[in-house]
Amino acid sequence: MFLRTAGAGGLALGTAALLAACGTPARQGAQPGAAAEDLSDTEKLLNFSNWPLYIDYDDAEEGRPSLEAFEDATGITVTYTEEINDNAEFFGKVQNQLSNGQATGRDVVILTDWMAARLVGLGWLQELDKANLPNVEANLLDNLRSPSWDTDRSYSVPWQSGMTGIAYNAAAIGEIRSMEDLLTKPELKGRVTFLSEMQDAMGLILLNMGKNPGDFTDADFEAAIDRLQGAVDAGQIRSFTGNDYAQDLVQGNIVAAMAWSGDVIQLQFENPDIKFIAPEEGLMLWSDNMLVPTGAAHKKNAEALMNHYYDPAIAAQVAAWVNYISPVAGAREEMEKIDPALAENPLIFPDEDFLAQTNLFKGMTEEEERKYNELFQQVIGA
């Protein structure tokens, strides 16, 4: 995750500061995740849960080349599942098992910073053995090494980062410039979707109201909730979604959406009329992380997977397909060999001017997180 300039007149931070500032406060008093018996030496198996459209895929071969290369190199068979559509929704799937110290059947899961921070705080992750992660140690971008919620990356390894803004179909609707358009434009009524991720949705609405998502009060948040409720009551918003807005946009079920940057680059291959914009008010940024839950029986195999994806050539291969921001040093140079145009794409390798438009949702206390999520869930009907 990244941090923007702090308000219109704020101090402009460099890329290093933007990256280093990511994270939420670690909770106090949590015990380290319990280590399950690791069966990796005798079971060459790995269960990997990820989000849709979030790894390289070969349509002709109907396979995932980088994952197949890992299997060939290690002899580990991977069961890959695209089951994570929303952080809170996935948390609901595994919460009871993890709280009871039971295995979830998953060895690697990929979750966004704020949810990763929650699992670290609850003690529901296994500590990683850095001796099994030489590529991570060598190639993780310096500015991502010490988030406040996992200061030495004992429990997490970044997978990708990305931006939250607006996508729209330029063939179906005129130019869209701002969140104000999504919230009020009559021709968009019932034809837009918002994200079900609270930090993304409310961050953009706070920006629309002239507030800083990195530093706001309870009153600011409640006013933004009222703003969102008004749009819901007016029928402006068709639904709240995870990744599933993508196909609705391509199929014409909607004409605009809150959207994640990498999804939109991929969708443009199907429909070049789909555009991604930074709203006039600003963007949100975030990171997703590879994690090993308590009870996972193949931790060493999971660490081998993490290490594999920190080979710059493999990282570039993934970034060339998913089109999100790679956390691996050297990926841009490798991308130039694959697709020089992508190496210059600011949505994949953003420069400091682009990052200056981005915002980080503030780190929350446990009480704030509970309160804000309850208010948000009431509005979206979850």
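Computed quantities for the displayed model
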| item | result |
| --- | --- |
| Residue selected from the stretch 99-118 under the condition modelled with pLDDT under 95 and of a type in the set (A, V, I, L, M, F, W, C), by the criterion most open to solvent (accessible area, probe 1.4 Å) | ALA103 |
| Subset of the stretch 247-276 (residues that are small (Gly, Ala, Ser) and closer than 23 Å to ASN208 by Cα) | ALA256, ALA257, ALA259, SER261, GLY262 |
| Residue match in the stretch 144-156 (condition: more than 19 Å from ALA297 (Cβ to Cβ), among the β-branched types (Val, Ile, Thr) and in contact with a helix residue (DSSP H, G or I) (Cβ under 8 Å, 6 or more places away or on another chain)) | no |
| Neighbours by Cβ (under 6 Å, 6+ apart or cross-chain): first from the stretch 170-196, within 25 Å of GLN377 (Cβ to Cβ); second open to solvent by 10 Å² or more (accessible area, probe 1.4 Å) and among the aromatic types (Phe, Trp, Tyr) | PHE194/PHE240; SER196/PHE240 |
| Failed item in (1) under 15 Å from the mean Cα position of the chain (by Cα); (2) within 18 Å of THR241 (Cα to Cα), with ASP113 passing the rest | (2) |
| Output for the stretch 97-142, where each listed residue is without any contact (Cβ under 8 Å) to a residue 60 or more places away in the chain and either closer than 14 Å to TYR309 by Cβ or not assigned by the TED database to the domain that holds ASN301 (or both) | GLU137 |
| Within the stretch 214-261, considering residues that are under 16 Å from MET198 (Cβ atoms) and among the β-branched types (Val, Ile, Thr), the one surrounded by the most Cβ atoms within 10 Å (Cβ to Cβ) | ILE237 |
| Selected residue [of a type outside the set (Phe, Trp, Tyr) and in contact (Cβ under 8 Å) with a residue 24 or more places away in the chain] from LYS300, LYS337 | LYS300 |
| Yes/no for ILE205 being at pLDDT 95 or above and within 21 Å of ASN271 (Cβ to Cβ) | no |
| Qualifying positions in the stretch 225-245 - modelled with pLDDT of 95 or more and among the acidic types (Asp, Glu) | ASP226, ASP233 |
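The values are calculated or read from the model by the stated rules, or taken from the named source; none is laboratory data. Because the structure is predicted, anything quoted here is derived from the model rather than measured. When we count neighbours, we look across all protein chains shown, and the Cβ atoms used for this are built from the backbone with ideal geometry, even at glycine. For the accessible areas, the whole protein counts, side chains as well, though only heavy atoms, and no ligand, DNA or RNA atoms are used. Shrake-Rupley method; radii C 1.70, N 1.55, O 1.52, S 1.80 Å.
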